[in-house]
Amino acid sequence: MKSFFITGTDTGIGKTTIAAALAFAMKASGMDVGVMKPFATGDQKKTGYKSEDVAILANAAQITDPEDLINPYFFPIPASPYAAASRLGLDIDMRLVLSRFEKLQALHDVIIVEGVGGILTPISRNYCVADLIKDMALDTIIVASSRIGTINHTLLTLNAAKKYGLGIRGLIINESGSEGYDVSELKNDLENLSGVPVLCSVPYMKKTHIEKIAEILKSSALFVMS
Ligand SMILES: Nc1ncnc2c1ncn2[C@@H]1O[C@H](COP(=O)(O)OP(=O)(O)OP(=O)(O)O)[C@@H](O)[C@H]1O
Ligand SMILES: [Mg+2]
């Protein structure tokens, strides 16, 4: 299996949940898996790491790599990296991010990278998440919701990904509640409209259960065909 970049159609869509479950599933399958969240923004949490996402990813993969390798940039403002850095008067050095990614690649067999926001989320004036995926040369998995409106968001994301020439491994539908599309109909519609496979769908859970989601991923096309 390969390293993947986990992006989504929006913020709060389930990127961390899916990335953590994928790292957990890979680890349980005997792989040496590293995790990375190059940019994290938002409130600082008391989790042992500045970013709660980083804590979830590192715990799922049972990683003890230094925080500044896993998460080179943390901005305590809930905004895109571009907006947060501008407000704080800070510069972002992409060479630093890519060199930390290279270090992680040397330390582990595979790396699961979680993006920030969606694919066009700006990191700096002329550099967005899609540029980062390209520079990391990773295939991407796109997490989409089952809410009404997801077809538009997913097709917009896929169009942008194609424009940037990204390798797309597939979509994962993360059910966001009882309301919204019937998931098997949504899967068919998304596959017919986009030609991109839906790797699996994850049901809504009252309490998210990384181990259960890892089992779903292990029996999905992602593991079975890799
Ligand atoms: N299948 C699910 N069932 C129930 N709750 C879920 C499910 N997937 C994710 N969640 C919850 O939804 C919230 C957002 O999920 P998550 O943090 O994974 O999204 P994200 O895309 O990583 O967000 P961000 O853009 O902030 O990084 C979290 O509280 C998470 O526990
Ligand atoms: Mg996240």
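Taking the condition at pLDDT below 95 and either touching a Ser or Thr at 6+ places or on another chain (Cβ under 9 Å) or of a type in the set (Val, Ile, Thr) (or both), does Thr208 pass?
yes
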Of residues in the range 15-37 being within 12 Å of ligand 1 (Cβ to nearest atom) and among the aliphatic types (A, V, I, L, M), the one surrounded by the most Cβ atoms within 10 Å (Cβ to Cβ) | Leu22
All helices (runs of 4 or more DSSP H) inside the range 124-226 with 2 or more residues being touching a Leu at 6+ places or on another chain (Cβ under 7 Å) = 129-136, 150-163, 183-194, 221-224
How many of the residues making up the range 160-212 are farther than 20 Å from Ile148 by Cα, of a type outside the set (S, T, N, Q) and within 16 Å of ligand 2 (Cβ to nearest atom)?
-> 1
Those residues of the range 8-38 which are part of a strand (DSSP E or B) and farther than 23 Å from Lys103 by Cα, in sequence order | Gly8
Could you identify the single residue in Arg125, Arg169 that is charged (D, E, K, R), more than 21 Å from Glu102 (Cα to Cα) and in contact (Cβ under 8 Å) with a residue 60 or more places away in the chain?
-> Arg169
Within the set of pairs 6+ apart or on separate chains, which have a first residue in the range 200-226 that is basic (Lys, Arg), a second that is part of a helix (DSSP H, G or I), and C-beta atoms under 8 Å apart?
-> Lys218/Ala25; Lys218/Ala28
Taking the condition of a type in the set (S, T, N, Q) and touching a residue at least 12 places away in the same chain (Cβ under 8 Å), does Ser86 pass?
-> no
Search the range 32-50 for residues that are without any contact (Cβ under 8 Å) to a residue 40 or more places away in the chain and pair each with any residue that is surrounded by 13 or more Cβ atoms within 10 Å (Cβ to Cβ) and in a strand (DSSP E or B) when their beta-carbon atoms are under 6 Å apart and the residues are at least 6 apart or on different chains.
-> Lys50/Phe74
Among the residues of the range 180-224, write down those that are acidic (Asp, Glu) and either farther than 19 Å from Thr17 by Cβ or crowded, with 18+ Cβ neighbours inside 10 Å (or both).
-> Asp182, Glu185, Asp189, Glu191
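Filter the range 42-51 for residues that are surrounded by fewer than 23 Cβ atoms within 10 Å (Cβ to Cβ) and either polar (S, T, N, Q) or more than 9 Å from ligand 1 (Cβ to nearest atom) (or both); which is farthest from Val113 (Cα to Cα)?
Initial filter on the range 42-51 (surrounded by fewer than 23 Cβ atoms within 10 Å (Cβ to Cβ)): 42-50.
This time we only want the ones that are either polar (S, T, N, Q) or more than 9 Å from ligand 1 (Cβ to nearest atom) (or both), so: 43-50.
Details: Asp43: 20, Gln44: 20, Lys45: 20, Lys46: 22, Thr47: 19, Gly48: 20, Tyr49: 17, Lys50: 17 Å.
Of everything passing the filter in the range 42-51, Lys46 is farthest from Val113 (Cα to Cα).
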Flagged in the range 96-115 as over 16 Å from Ala130 (Cα atoms), of a type outside the set (Asp, Glu) and without any contact (Cβ under 8 Å) to a residue 40 or more places away in the chain, in numbering order, are Leu96, Ser99, Lys103, Ala106
Return a yes/no flag: does the range 139-151 have any residue that is within 13 Å of Leu22 (Cβ to Cβ) and surrounded by fewer than 16 Cβ atoms within 10 Å (Cβ to Cβ).
-> yes
Among (1) in a helix (DSSP H, G or I); (2) buried (at least 24 other Cβ atoms within 10 Å of the Cβ), Phe5 falls short only on (1)
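The values are calculated or read from the model by the stated rules, or taken from the named source; none is laboratory data. Please read all numbers here as calculations on a predicted model, not as lab measurements. Reconstructed Cβ throughout: ideal geometry from the backbone, glycine too, with neighbour counts over all protein chains shown.
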